[in-house]
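The values are calculated or read from the model by the stated rules, or taken from the named source; none is laboratory data. Just so it is clear, the model here is predicted, and its values are computed rather than measured. Backbone-built Cβ (ideal geometry, glycine too); neighbour counts: all protein chains shown. Areas reflect the complete protein model, heavy atoms only, side chains present, ligands, DNA and RNA absent. Shrake-Rupley method; radii C 1.70, N 1.55, O 1.52, S 1.80 Å.
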Amino acid sequence: MAKQSKTTTKVQGQPKSKAKSTAKTNSETKSKTEPRIDANSKSKTKPAVQAPSDAVARQRWTEIAADITRHDVLYYQQDAPEISDEAYDALRRRLADLEAQHPELAIAGSPTQRVGAAPLAAFGKVRHAVPMLSLSNAFADADVADFLARVRRFLNLGEDAPLDVTAEPKIDGLSISLRYENGLLVHAATRGDGTEGENVTANVMTIGEIPHHLVGQGIADVIEVRGEIFMGHDDFAALNAAQARAGEKVFANPRNAAAGSLRQLDQAITAQRKLRFFAYAWGAASKLPGPTQYDVVTTFKTWGLPVNPLMQIAASADALLAFYRDIEQRRASLGYDIDGVVYKVNRLDYQERLGFVSRSPRWAIAHKFAAERATTILRDIEIQVGRTGALTPVAKLEPVTVGGVVVSNATLHNEDEIARKDIRIGDTVVVQRAGDVIPQVVEVLIDKRPASAIAFQYPVVCPVCGSHAVREQDDKTGVSDVVRRCTGGLICPAQAKERLKHFVSRNAVDIEGLGSEKIEFLFDDGRIKTPADIFTLAARNGDHAAPLQTLKGFGKTSVDKIFKAIDARRTVPLDRFLFGLGIRHIGETTAKDLAKAYGSIEALTAAAMAAVVGGPDSDAYREIDDIEGIGATVVDALIGFFGEPHNAEQVTQLLHEITVAPFVRAVASDSAVAGKTVVFTGTLTRLARSEAKAQAERLGAKVAGSVSKKTDYVVAGSDAGSKLDAARALGVTVLTEDAWLALIAQN
Ligand code: IVH
């Protein structure tokens with residue numbers, strides 16, 4: 001499209017107005033656009049016009065921004081402008097004037113801050129200064145008491161020490177991070193993968209409940225307010241009715257409607273959808289307005305942020321459970337969807353000490369409501385083969401709506417479960433789903449069983465590759481595993497495909513645009529059989545088969561994007577790489593523990609190969625086993641993996657294509673214990689062992705499970721046994737708990 005400029009008007013960084021050559025003339029568009037433009041420009045030219053109130057200004061801003069966006073799309077993307085250049089420039093001037101009177105409106109996503117319609121093609125990415133984490137779940141009453149007991153243990157609080165916890169509804173929407181600088185909203189980002197989200201600033205600016213600027217006392221220079229965007233029941237019903245009338249897609253539930261409405265490329269659509277917001281947490285903050293969760297959130301309210309009015313403080317498991325039951329009873333009348341309640345340790349100094357484990361804070365938990373249920377007919381049972389060869393039975397159901405979502409598949413877990421529940425094909429079954437978890441078949445309604453119902457014969461060979469499928473036996477207990485596994489390993493196409501999918505997945509190597517469907521296709525097509533093939537895909541493109549971009553479902557743009565995304569991952573952090581290999585029992589946390597312990601892929605593979613060669617009685621095996629958080633199951637899985645030549649070969653090939661970045665610890669390097677290896681032994685009294693370990697690691701120390709010549713300090717509590725003896729024998733410095741605390745208190 002021609003983009004020569006007619007004028008060189010600059011509007012807040014907007015370099016040029018649009019080309020006359022592609023715009024229609026004034027007279028052509030007059031009838032459609034002039035009345036509105038005229039009316040608006042009149043108010044602009046009035047001298048000494050009074051600035052509109054905040055609410056009016058925001059409303060106008062939203063309308064004009066949406067108008068400009070629409071015209072940008074018509075002009076830049078569809079080559080079909082509807083208004084003249086002059087009219088367009090007038091719109092931009094109006095927006096710029098409005099932003100001059102209300103600087104809080106001049107946000108990053110404003111049309112005055114961008115050129116053309118380009119940013120609308122997709123949302124930009126925003127890296128969260130502090131990751132957006134999720135919550136671990138409690139389902140049973142006992143889990144709540146366990147949570148409190150865990151917190152007390154970690155903090156070393158006696159049973160009678162006060163421990164306040166906030167309780168509030170868990171809103172079923174989508175989480176958002178709003179960054180305010182000097183009180184002004186500067187950007188808004190979705191959660192994304194927790195580390196990086198999408199920049200939805202311009203869309204969030206259209207949500208009436210979210211202030212563009214904070215008001216009141218003690219506002220931090222920088223604060224990332226976190227909370228939930230959601231849609232109320234009435235607005236959801238009205239939206240779906242309107243969508244149905246217009247022949248448009250209706251949404252399955254308010255959460256999908258909220259997500260779909262926020263992620264609109266056209267802000268005008270977001271503006272029409274009635275989205276709401278509750279603030280309940282924060283990310284980066286230059287200072288906080290109080291010492292407790294409750295103080296901070298109630299202060300948010302005074303700054304103009306909506307907070308949930310039902311938040312309370314409780315001081316015991318009983319009080320938390322009473323809150324839970326009360327909210328559960330009121331659930332249907334709240335006017336918005338909730339899927340449980342959230343408990344958070346109130347004192348922020350406690351929250352800091354408790355820290356995080358994997359992706360969830362130790363100081364909070366979500367107590368979920370019981371799952372929603374429905375009854376339907378089980379038509380068939382299919383077997384899926386997973387990444388580790390596990391055969392999983394899946395119920396194919398007569399589609400049924402459960403809690404607003406249509407369900408046609410549900411997991412049956414394993415063969416024992418089918419036998420225990422006596423599930424037969426043709427049965428009427430009860431299905432439940434809770435939140436995002438896979439729906440499950442809970443029970444069979446035996447009195448509805450037809451005479452034609454068929455018992456299911458569980459396969460003893462893999463339905464995909466025909467290899468034997470076996471239930472492993474625990475050598476020690478003789479008990480057989482509930483899971484039947486295909487023994488085909490990488491010769492099983494299902495396992496190979498699932499491993500590839502896992503390798504590219506978000507929390508592993510994270511190759512954008514290479515989702516499950518694409519992997520299935522590229523595997524079946526023969527282009528990608530191993531992880532290394534992913535990285536040679538571009539170089540081989542078109543060699544022996546039709547170039548990818550000529551195939552159905554792969555345009556040139558999408559292929560370029562995939563190649564780019566692959567190139568962006570030619571260097572992968574060690575822990576993600578390790579997790580991506582898909583070794584049994586090596587989840588994200590264990591992968592991190594191993595990465596932390598070995599630092600580099602070379603050191604780790606050397607250790608694993610030495611253990612493969614040496615076997616369970618070797619020093620090499622014991623060395624891995626000694627790492628904190630690692631036990632024999634993981635070591636066995638690790639050597640099982642590296643002991644299989646196929647796997648070792650795949651890793652070698654992969655390392656020809658990519659660089660695995662050494663694990664870098666995000667810890668203080670200036671502490672007295674940075675770089676030192678520490679072993680804790682015996683009973684500590686001032687700190688719980690887990691806190692002592694977490695604290696040592698934060699300060700840059702490596703915590704080991706056993707004493708060796710490499711150990712710098714052994715911290716010995718009471719009743720220390722063999723490790724203390726070993727320390728003395730090796731001449732390692734032994735510290736009391738107090739001496740250790742004094743040491744880390746120095747800088
Ligand atoms: S606190 C560090 N409070 O639940 C975690 N989360 O399963 C801070 N959610 O990603 C989250 N209501 O999207 C918190 N009152 C509430 C919540 C809430 C809904 C969501 C949130 C989070 C998810 C975790």
Discussion item. Go through (1) assigned to a loop (DSSP other than H, G, I, E, B); (2) touching a residue at least 24 places away in the same chain (Cβ under 8 Å); (3) over 35 Å from the mean Cα position of the chain (by Cα) for GLY700 and report which single condition fails.
Written reply: (3)
Discussion item. Looking at ALA694, ALA720 in this structure, which one is open to solvent by 20 Å² or more (accessible area, probe 1.4 Å) and touching a residue at least 40 places away in the same chain (Cβ under 8 Å)?
Written reply: ALA694
Worksheet item: Taking the stretch 379-405 on its own, how many of its residues are open to solvent by 30 Å² or more (accessible area, probe 1.4 Å), in contact (Cβ under 8 Å) with a residue 40 or more places away in the chain and under 26 Å from ASP447 (Cβ atoms)?
Response: 3
Practice prompt. Inspect the stretch 598-617 for any residue being in contact (Cβ under 8 Å) with a residue 60 or more places away in the chain, within 23 Å of ARG359 (Cα to Cα) and in contact with a strand residue (DSSP E or B) (Cβ under 7 Å, 6 or more places away or on another chain) and give the result as yes or no.
Written response: no
Worksheet item: Can you tell me which residue in the stretch 122-167 is modelled with the highest pLDDT, limited to those that are within 16 Å of the ligand (Cβ to nearest atom) and among the small types (Gly, Ala, Ser)?
Response: ALA167
Response to the item:
Of the conditions (1) crowded, with 22+ Cβ neighbours inside 10 Å; (2) closer than 29 Å to ARG359 by Cα; (3) free of Cβ contacts under 8 Å to residues at least 60 places away in the same chain, the single one that THR201 does not satisfy is (3)
Fill in: Qualifying positions in the stretch 332-341 - open to solvent by 10 Å² or more (accessible area, probe 1.4 Å), farther than 21 Å from VAL407 by Cβ and either assigned to a loop (DSSP other than H, G, I, E, B) or within 9 Å of the ligand (Cβ to nearest atom) (or both)
LEU334, GLY335, TYR336
Fill in: Residue list for the stretch 352-378, restricted to those being closer than 30 Å to GLU472 by Cα and either open to solvent by 20 Å² or more (accessible area, probe 1.4 Å) or among the aromatic types (Phe, Trp, Tyr) (or both)
SER358
Item to complete: Check off (1) at pLDDT 80 or above; (2) open to solvent by less than 40 Å² (accessible area, probe 1.4 Å); (3) charged (D, E, K, R) for ARG58 and give me the number that stays unchecked.
Response: (2)
Worksheet item: Are any residues in the stretch 684-731 among the hydroxyl-bearing types (Ser, Thr, Tyr) and farther than 22 Å from ALA745 by Cβ, and if so, which ones?
Response: SER706, SER708, SER722
Discussion item. Condition first: surrounded by 23 or more Cβ atoms within 10 Å (Cβ to Cβ), assigned to a strand (DSSP E or B) and within 16 Å of the ligand (Cβ to nearest atom). Now tell me which residues in the stretch 173-184 satisfy that.
Written reply: ILE176, SER177, LEU178
Worksheet item: Can you name the number of the only condition in (1) away from the ligand (no atom under 16 Å from the Cβ); (2) assigned to a loop (DSSP other than H, G, I, E, B); (3) in contact (Cβ under 8 Å) with a residue 40 or more places away in the chain; (4) open to solvent by 20 Å² or more (accessible area, probe 1.4 Å) that HIS187 fails?
Response: (2)
Item to complete: Please work out if LYS448 is in contact (Cβ under 8 Å) with a residue 40 or more places away in the chain and of a type outside the set (A, V, I, L, M, F, W, C).
Response: no
Discussion item. Condition (residue is modelled with pLDDT of 95 or more and buried (at least 22 other Cβ atoms within 10 Å of the Cβ)) applied to the stretch 268-275: is it met by at least one residue?
Written reply: yes
Worksheet item: Which pairs do you get when a residue that is in contact (Cβ under 8 Å) with a residue 60 or more places away in the chain, found in the stretch 516-542, comes within reach of a residue that is open to solvent by 20 Å² or more (accessible area, probe 1.4 Å), reach meaning Cβ atoms under 6 angstrom, with the pair 6+ apart or on two chains?
Response: THR530/GLN650; ALA532/GLN653; ALA532/GLU657; PHE535/GLU657
Worksheet, complete the sentence: Requiring at least 1 residues that are within 30 Å of VAL341 (Cβ to Cβ), at pLDDT below 95 and acidic (Asp, Glu), the strands (runs of 3 or more DSSP E) wholly within the stretch 390-475 are 440-444
Worksheet item: Got at least one residue in the stretch 148-169 being assigned to a strand (DSSP E or B), under 30 Å from GLU198 (Cβ atoms) and touching an Asp or Glu at 6+ places or on another chain (Cβ under 6 Å)?
Response: no
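Yes or no, residue by residue, for (1) of a type in the set (Val, Ile, Thr); (2) under 21 Å from the mean Cα position of the chain (by Cα); (3) in a helix (DSSP H, G or I):
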position: ALA508; (1), (2), (3): no, yes, no
position: ALA538; (1), (2), (3): no, no, yes
position: ALA565; (1), (2), (3): no, yes, yes
position: ILE583; (1), (2), (3): yes, no, no
Worksheet item: If you take the residues of the stretch 248-267 that are away from the ligand (no atom under 16 Å from the Cβ) and among the polar types (S, T, N, Q), which of them is modelled with the highest pLDDT?
Response: SER261
Practice prompt. Answer yes if at least one residue in the stretch 545-561 is hydrophobic (A, V, I, L, M, F, W, C) and open to solvent by 70 Å² or more (accessible area, probe 1.4 Å), and no otherwise.
Written response: no
Discussion item. I'd like to know if the stretch 365-376 contains one or more residues that are part of a helix (DSSP H, G or I), within 16 Å of the ligand (Cβ to nearest atom), touching a helix residue (DSSP H, G or I) at 6+ places or on another chain (Cβ under 9 Å) and not aliphatic (A, V, I, L, M).
Written reply: no
Item to complete: Identify all residues within the stretch 207-247 that are open to solvent by 60 Å² or more (accessible area, probe 1.4 Å) and within 16 Å of the ligand (Cβ to nearest atom); write none if there are none.
Response: GLU209
Fill in: Subset tally (residues that are out of contact with any helix residue (DSSP H, G or I) (no Cβ under 7 Å at 6 or more places or on another chain) and among the charged types (D, E, K, R)) for the stretch 334-364
5
Practice prompt. Please state which one of GLY208, GLY227 is touching a residue at least 24 places away in the same chain (Cβ under 8 Å) and outside any loop (DSSP other than H, G, I, E, B).
Written response: GLY227
Worksheet item: What single numbered condition from (1) within 17 Å of SER316 (Cβ to Cβ); (2) touching a Phe, Trp or Tyr at 6+ places or on another chain (Cβ under 9 Å); (3) open to solvent by 10 Å² or more (accessible area, probe 1.4 Å); (4) within 16 Å of the ligand (Cβ to nearest atom) fails to hold for LYS170?
Response: (1)
Worksheet item: Taking LEU687 and the conditions (1) open to solvent by 40 Å² or more (accessible area, probe 1.4 Å); (2) more than 30 Å from GLY580 (Cβ to Cβ), which numbered condition does it fall short on, given that it satisfies the others?
Response: (1)
Practice prompt. Could you grab me the full set of residues in the stretch 278-323 that are within 13 Å of the ligand (Cβ to nearest atom), open to solvent by less than 50 Å² (accessible area, probe 1.4 Å) and part of a helix (DSSP H, G or I)?
Written response: GLN293, VAL296, VAL297, PHE300, PHE323
